[in-house]
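Trainee: Attaching a single structure in structure tokens format; questions to follow.
The values are calculated or read from the model by the stated rules, or taken from the named source; none is laboratory data. In this text, all values refer to a predicted model and were calculated from it rather than measured experimentally. Every residue, glycine as well, gets a Cβ built from its backbone with ideal geometry; the counts of neighbours run over all protein chains shown.
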Amino acid sequence: MINIDSKTKLLGVIGYPIEHSYSPQIHNYISEKMGLNYIYTSMKVSPADLKAAIDGVKSLGFTGVNVTVPHKTEVIKHLDSVDDAALEYGSVNTVKVKNKKLIGYSTDALGYFKSLTDTGFDIKGKDVLIIGAGGAARPICIKLINKGAKSISVKNRTKENTIRLCDYVQKTCGFKINDTPILSRYDLVINTTPVGMYPNTEASPLDDFSFIDKDTLVSDLIYNPGETLFLKRAKNRGAKIINGLGMLIYQAMYSYEIFTDTKLDFSLYNEIVENVFKETV
Ligand code: NAP
């Protein structure tokens, strides 16, 4: 149990809605394991209240906050500076107060990439299909490009949003994404839509799995359920699969390192899975 006293430092996550967030459980678990005097809570902040909330982070003496949907882009204009990666992604999920200045970082793509490389997958020279073109797809695309992906194709419901993603990536990294699936096979297929997430577990963002084989890595950002219909059907084709739990936990661990200026032992990952997500995934 964390003992809260007058020296306890404040952390939290702001989002709208926020009730689904596991960040408090993950961060408080890490603080307890590290023996650090921090407390982390969740705060429901509507878009209209974002500026006031961010100003409050500084004036109330918070060490930092995570920022989640729908604020990851909008928050940037309220910060004093943003690190290079977050600037490139146009997305901030971690805000740290340093010398009374608000500094933005992004650990989502870092977390995703760590969960990917944990499987032994090497992105260099690989063909990628991304399903979805929203806030999560953008940093992941850019990270995969920066790490050497050969091609990226997007399959998304709304063409306009696909084009927005393609244009953004072309402008920031000079890489041309295919705005429709054009290859007959992909090395990596990623679902970045919420389709298949609890309670709608009978839905899949993909109908045709014929292009997926035993050499495809299939990844879903969803972690509840641990095995979505999308992952189940890919597994039936012999594909290797990963869910979104790795991304969720690793992005939190990277944020924790930024907040507390500590280095975490990443063997803590399995402990977090065991103790925080025992009954979920
Ligand atoms: P977002 O910005 O709202 O984008 C959602 C994307 O999914 C859009 O491209 C949207 O298509 C598509 N989509 C939504 N509902 C759909 C439907 N019924 N059928 C087809 N396409 C649909 O959301 P986001 O922030 O990118 O998050 C996407 C997912 O990733 C969520 O499930 C979120 O929980 C998950 N996520 C997980 C982690 C993690 O740590 N594991 C981190 C971030 C996000 P349109 O363009 O047509 O609207």
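Trainee: I want to confirm something. Restricting to segment 255-275 and keeping residues that are outside any loop (DSSP other than H, G, I, E, B) and closer than 17 Å to Gly12 by Cα, which single residue is farthest from the chain's Cα centre (by Cα)?
Mentor: Thr260
Trainee: Let me ask something additional. Of all residues being closer than 17 Å to Thr8 by Cβ and touching a strand residue (DSSP E or B) at 6+ places or on another chain (Cβ under 6 Å) in segment 38-56, which is surrounded by the most Cβ atoms within 10 Å (Cβ to Cβ)? Just the residue, please. Working first, answer last.
Mentor: Step one: filter segment 38-56 for residues closer than 17 Å to Thr8 by Cβ, giving 38-43.
Among the residues that remain, those that are also touching a strand residue (DSSP E or B) at 6+ places or on another chain (Cβ under 6 Å) are: 38, 40-43.
Details: Tyr38: 21, Tyr40: 26, Thr41: 14, Ser42: 21, Met43: 16.
Residue satisfying both the conditions and the ranking: Tyr40.
Trainee: Scan segment 84-118 residue by residue and report those that are over 17 Å from the mean Cα position of the chain (by Cα) and touching a residue at least 60 places away in the same chain (Cβ under 8 Å).
Mentor: Lys96
Trainee: Further question on the same structure: Give the number of residues within segment 113-127 that are aliphatic (A, V, I, L, M) and in contact with a Lys or Arg (Cβ under 8 Å, 6 or more places away or on another chain).
Mentor: The qualifying residues number 1.
Trainee: Can you name the residue in segment 57-83 that is touching a residue at least 24 places away in the same chain (Cβ under 8 Å) and part of a strand (DSSP E or B) and is also surrounded by the most Cβ atoms within 10 Å (Cβ to Cβ) among such residues?
Mentor: Filtering first and then ranking leaves Val65.
Each row is one residue, and each column tells you yes or no for (1) modelled with pLDDT under 95; (2) within 16 Å of the ligand (Cβ to nearest atom); (3) farther than 22 Å from Arg185 by Cβ; (4) of a type in the set (Ser, Thr, Tyr).
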{"site": "Ile103", "(1), (2), (3), (4)": "no, no, yes, no"}
{"site": "Gly132", "(1), (2), (3), (4)": "no, yes, no, no"}
{"site": "Ile142", "(1), (2), (3), (4)": "no, yes, yes, no"}
{"site": "Thr158", "(1), (2), (3), (4)": "no, yes, yes, yes"}
{"site": "Gly174", "(1), (2), (3), (4)": "no, no, yes, no"}
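Trainee: Just for segment 244-274: of the residues that are surrounded by 14 or more Cβ atoms within 10 Å (Cβ to Cβ) and among the polar types (S, T, N, Q), which one is farthest from Glu227 (Cα to Cα)?
Mentor: Thr260
Trainee: Looking at segment 215-230, which of its residues are polar (S, T, N, Q) and within 11 Å of the ligand (Cβ to nearest atom)?
Mentor: Ser219, Asn224, Thr228
Trainee: Answer with yes or no whether Val95 is buried (at least 23 other Cβ atoms within 10 Å of the Cβ), more than 15 Å from the ligand (Cβ to nearest atom) and within 16 Å of Thr68 (Cα to Cα).
Mentor: yes
Trainee: Those residues that are over 13 Å from Val195 (Cα atoms) and within 18 Å of the chain's Cα centre (by Cα), I need them from segment 220-242; list them, please.
Mentor: Gly226, Ile241, Ile242
Trainee: For Asn178, all conditions in the list (1) within 13 Å of Ala234 (Cβ to Cβ); (2) polar (S, T, N, Q); (3) more than 22 Å from the chain's Cα centre (by Cα) hold save one; what is the number of the exception?
Mentor: Condition not satisfied by Asn178: (1).
Trainee: Out of Thr216, Thr193, Thr260, report the one residue that is under 19 Å from Thr117 (Cα atoms) and modelled with pLDDT of 95 or more.
Mentor: Thr216
Trainee: Can you name every residue in segment 84-96 that is assigned to a strand (DSSP E or B) and farther than 16 Å from Gly111 by Cβ? Spell out how you get there, then give the answer.
Mentor: Just the residues of segment 84-96 that are assigned to a strand (DSSP E or B), to begin with: 94-96.
Passing the criteria: Val95, Lys96.
Trainee: Please identify the pairs in which a residue from segment 162-186 that is among the aromatic types (Phe, Trp, Tyr) has its Cβ atom under 7 Å from the Cβ atom of a residue that is crowded, with 16+ Cβ neighbours inside 10 Å, counting only partners at least 6 apart or on another chain.
Mentor: Every condition considered, the pairs that remain are Tyr168/Gly90; Tyr168/Arg138; Phe175/Ile145; Phe175/Val169; Tyr186/Asp127; Tyr186/Val128; Tyr186/Leu129; Tyr186/Thr216.
Trainee: Go through segment 98-127 and count every residue that is in contact with a Gly (Cβ under 7 Å, 6 or more places away or on another chain) and either crowded, with 24+ Cβ neighbours inside 10 Å or in a loop (DSSP other than H, G, I, E, B) (or both).
Mentor: Matching residues across segment 98-127 total 4.
Trainee: Restricting to segment 194-233, name every residue that is touching a Phe, Trp or Tyr at 6+ places or on another chain (Cβ under 9 Å), not in a loop (DSSP other than H, G, I, E, B) and not hydrophobic (A, V, I, L, M, F, W, C).
Mentor: Within segment 194-233, Ser219, Asp220, Arg233 qualify.
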